[in-house]
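The values are calculated or read from the model by the stated rules, or taken from the named source; none is laboratory data. The structure presented is a predicted model; accordingly, all values stated were derived computationally and were not measured. Every residue, glycine as well, gets a Cβ built from its backbone with ideal geometry; the counts of neighbours run over all protein chains shown. Each accessible area value is taken on the protein alone, full model and side chains, heavy atoms only, with ligands, DNA and RNA left out. Shrake-Rupley method; radii C 1.70, N 1.55, O 1.52, S 1.80 Å.
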Amino acid sequence: MSEKRKLLRVLDGETIFPPPTWLMRQAGRYLPEYRATRKTAKDFLSLCYNPELAVEVTMQPIRRFGFDAAIMFSDILVIPDALNRNVHFVTGEGPKMDPINPAGIDALKTDNFLNHLTPVLETLKRLRIELPNETTLLGFCGAPWTVATYMIAGHGTPDQAPARLFAYEHEQAFNKLLDILADMSAQYLIAQIDAGADAVQIFDSWAGVLGEKEFEKYAVRPVKRIIDQVRAARPDAKIIAFAKGAGILLQNYRSQVGSDAIGLDWTVPVTFAKELQKQGAVQGNLDPMLMVAGGEALDKGVDRIMAELSDGPLIFNLGHGITPQADPENVTRLLKRIRGYQRG
Ligand code: CP3
């Protein structure tokens, strides 16, 4: 019988030493081989929807570094794209789409949704065949709030003021949008699990701009809605919820949404992380800038997390995605440090 993959054992609450490790955005522009493959695709979304190329870029960091998990190559904004919001990525400017208004929310068409995402599911099927048996395969989606921020503004913003304002001015339409996104995301995650994903991560990258009440309504409730639906359909589903910037509101987040693990950004104090780890697995939380800086600063950052969190259920990761400026050599150094760490 094949042994259960390490990361999945951690999601069950087991402590594994050294901890299984992967990095958010591990397939990306800091890798020369990614930049080379990216050039062969017409644009970023064409890369996401081309199973052959998407498998290739997913495999690149696995081949180079031997991470414990692979995350399928796609983007959270394929959901608005599948809802016909005219999504495109402009090099150097980030994502763009038609800003949605209340009438647009009423007119959203969901009939072609999963059909549009078939290539992503095909990528997962091929990855499960291609990956080493011990490597965990992760699927993902964006949380409704984070996806909605881009749909409302039509582009990225530093503080999501357009979406925060929209939620106050058009609360009913806004709730309808979040419900649609939650229901579609649940269907998408179930399809990912059926296509071979061992676990899925829900990225709420903009949770940190919400006030306390709004966090409850727009970050907790929709993510719980997704997880409830996924678990109703696939009771064994393994789920990581990452609410970036949520700070002290992470105290009850895991039990509120019902995830197996929670992701921690790099601002979460290690003492608080230890508290949260008593409730179950945590994932994080090294500052991505250390992958640019390298050297002793990187070693110290790794050692601190290892010293405080490696005696409980931990998935080692960054506190957010690795950036294009990161040096791949620093990833090698990071893995060596984690895997060679001696517990005192
Ligand atoms: O390796 C992996 O982690 C898998 C692939 C992945 C991408 N995006 C590829 C990508 C994943 C999991 C994402 C998630 C994602 N996408 C999030 C949530 C996580 C986070 O970073 O907060 C968000 C908010 C997005 C939306 C998005 N996609 C933005 C704002 C941008 C532009 C900014 C940027 O970093 O360029 C993207 C583009 C994107 N998604 C790239 C990659 C590799 C770079 C585009 C390129 O190659 O031209």
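Within segment 290-344, how many residues are in a loop (DSSP other than H, G, I, E, B) and within 16 Å of the ligand (Cβ to nearest atom)? It would help to see each step written out before you state the result.
In the first step, residues of segment 290-344 are kept if they are in a loop (DSSP other than H, G, I, E, B); the result is 294, 310-313, 319-327, 340-344.
Filter once more, keeping what is within 16 Å of the ligand (Cβ to nearest atom): 319-326.
Residues that pass the stated criteria total 8.
Under the condition of being more than 15 Å from the ligand (Cβ to nearest atom) and touching a Gly at 6+ places or on another chain (Cβ under 6 Å), which residue from segment 78-125 is most open to solvent (accessible area, probe 1.4 Å)? Steps first, answer last, please.
At the first step, the residues of segment 78-125 found to be more than 15 Å from the ligand (Cβ to nearest atom) are 83-84, 86, 98-116, 118, 121-122, 125.
Checking which are touching a Gly at 6+ places or on another chain (Cβ under 6 Å) leaves us with 99, 125.
Working: Pro99: 82, Lys125: 107 Å².
Filtering first and then ranking leaves Lys125.
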Of (1) more than 17 Å from Phe203 (Cβ to Cβ); (2) among the aliphatic types (A, V, I, L, M); (3) near the ligand (Cβ under 8 Å from one of its atoms), Ile71 satisfies all except one. Which?
(1)
Given the criteria farther than 19 Å from Val230 by Cβ, outside any helix (DSSP H, G or I), modelled with pLDDT of 95 or more and not hydrophobic (A, V, I, L, M, F, W, C), does Asn175 qualify?
no
What pairs can you find where one residue is in segment 165-184 and within 13 Å of Glu214 (Cβ to Cβ), the other is open to solvent by 20 Å² or more (accessible area, probe 1.4 Å) and among the hydroxyl-bearing types (Ser, Thr, Tyr), and their Cβ atoms are less than 9 Å apart, with a gap of 6+ or different chains?
Phe174/Tyr168
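Determine whether segment 257-279 contains at least one residue that is open to solvent by 40 Å² or more (accessible area, probe 1.4 Å), within 16 Å of the ligand (Cβ to nearest atom) and not in a helix (DSSP H, G or I). Spell out the reasoning first.
Filtering segment 257-279 down to residues open to solvent by 40 Å² or more (accessible area, probe 1.4 Å) leaves 266-267, 269, 271, 274-275, 278-279.
Filter once more, so that each one left must be within 16 Å of the ligand (Cβ to nearest atom): 266-267.
When the remaining residues are screened for being not in a helix (DSSP H, G or I), the result is 266-267.
Yes, segment 257-279 contains at least one residue that is open to solvent by 40 Å² or more (accessible area, probe 1.4 Å), within 16 Å of the ligand (Cβ to nearest atom) and not in a helix (DSSP H, G or I).
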If a residue has to be outside any loop (DSSP other than H, G, I, E, B), buried (at least 19 other Cβ atoms within 10 Å of the Cβ) and within 14 Å of the ligand (Cβ to nearest atom) to count, how many in segment 154-166 make the cut?
1
Look through segment 126-146, keep the residues that are over 19 Å from the mean Cα position of the chain (by Cα) and touching a residue at least 60 places away in the same chain (Cβ under 8 Å), and return whichever of them is surrounded by the fewest Cβ atoms within 10 Å (Cβ to Cβ).
Asn133
Check segment 211-231 and report whether any residue there is of a type outside the set (Ser, Thr, Tyr), within 13 Å of the ligand (Cβ to nearest atom) and open to solvent by 10 Å² or more (accessible area, probe 1.4 Å).
no
Long-range neighbours under 7 Å by Cβ, at least six apart or interchain, first residue touching a residue at least 60 places away in the same chain (Cβ under 8 Å) and part of a loop (DSSP other than H, G, I, E, B) within segment 65-80, second more than 6 Å from the ligand (Cβ to nearest atom) and charged (D, E, K, R):
Asp68/Lys6
Just the residues that are more than 9 Å from the ligand (Cβ to nearest atom) and either part of a loop (DSSP other than H, G, I, E, B) or more than 22 Å from Gly263 (Cβ to Cβ) (or both), please, taken from segment 17-40.
Phe17, Pro18, Pro19, Pro20, Tyr30, Leu31, Pro32, Glu33, Ala36, Thr37, Lys39, Thr40
Can you say whether Glu296 is open to solvent by 20 Å² or more (accessible area, probe 1.4 Å) and either within 20 Å of the chain's Cα centre (by Cα) or touching a residue at least 24 places away in the same chain (Cβ under 8 Å) (or both), as far as the supplied structure shows?
no
Where Glu56 falls short, out of the listed (1) part of a helix (DSSP H, G or I); (2) within 23 Å of Asp179 (Cβ to Cβ); (3) open to solvent by 10 Å² or more (accessible area, probe 1.4 Å):
(2)
Pairs, please: C-beta under 9 Å, at least 6 apart or cross-chain, first residue closer than 27 Å to Asp265 by Cβ and open to solvent by 60 Å² or more (accessible area, probe 1.4 Å) and in segment 22-43, second in a helix (DSSP H, G or I) and within 10 Å of the ligand (Cβ to nearest atom)?
Arg29/Arg35; Arg29/Arg38; Arg38/Phe44; Arg38/Leu47; Arg38/Val57
Pairing a residue in segment 331-344 that is open to solvent by 100 Å² or more (accessible area, probe 1.4 Å) with any residue that is modelled with pLDDT of 95 or more, where Cβ atoms lie under 6 Å and the two sit 6 or more apart in sequence or on different chains, gives Arg339/Pro18
Restricting to segment 185-210, what's the tally of residues that are in a helix (DSSP H, G or I) and open to solvent by less than 10 Å² (accessible area, probe 1.4 Å)?
6
